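Worksheet for the structure shown next.
Please treat every number below as a calculation from the coordinates, not as lab data. Only a predicted model underlies this, so the values are computations on that prediction, with no experimental measurement involved. Methodologically, a virtual Cβ is constructed for each residue, glycine included, from the backbone with ideal geometry; neighbour enumeration extends over all protein chains shown.
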Amino acid sequence: MNQSIRHATAADASRIAEIIITNYRVNFYPFFKNDEYYFKELNVVDMAKEYASGEKALKNCFVYDDGVIKGIIRINGKEIEKLFIEPQFQSNGIGAQLLEFAVRERKANWLWVLEYNKRGIAFYERNGFKLTGEKMTEDGWVPLLKMEC
């Protein structure tokens, strides 16, 4: 296992929340332009509380930590639920390392990706995932595509 990847702890909650919120705003807001959701409902304080509670959100969450937490991955069974890298550290192989960890160490082999996220789809394809043709709409308005390796 990569020594920079470790199980997340409650002490990591604020950093995890910061990475997730930043990525949601940078990567998804441009498609949905929903100020109410992305800048009011979705916030670091509430998400950090969810992770700090140590319950479901933290249970299967791992961080890339080389002295600074630069990325997170959350796995549920064989599904990769979340994979986010702090934007300043993207394109440095951190996402690929977290994805490889999920596949090799945790036996994860599928995920949902936002249909509009062409960069994310290309990343997963470079790392051995393929679109299955299966689609779903989350929350009545978020189009997702299934990928498997």
**Prompt:** Longest span of the chain, sites excluded, free of trypsin sites (Lys or Arg not before Pro) in DSSP loop with at most 15 other C-beta atoms within 10 Å?
**Reply:** 34-77
**Request:** Measure out, as a whole number of angstrom, how far apart the alpha-carbon centroids of the stretch 29-71 and the stretch 78-149 sit.
**Result:** 17
**Prompt:** Based on the Cβ-Cβ distance from Glu81 to Lys33, what FRET efficiency comes out when R0 is 25 Å, to the nearest 0.05?
**Reply:** 0.55
**Request:** Rounded to the nearest 500, what is the 222 nm mean residue ellipticity of the chain from helices alone, with -39500 (n - 2.57) per DSSP H run of 4+ residues and division by all residues?
**Result:** -9000 deg cm²/dmol
**Request:** Give the dimensionless ratio obtained when the Cα radius of gyration of the chain is divided by 2.2 N^0.38 Å.
**Result:** 1.00
**Message:** Taking 8 Å as the Cα distance limit and 6 or more residues as the minimum spacing, I'd like the relative contact order of the stretch 14-149 as a percentage.
**Reply:** 18
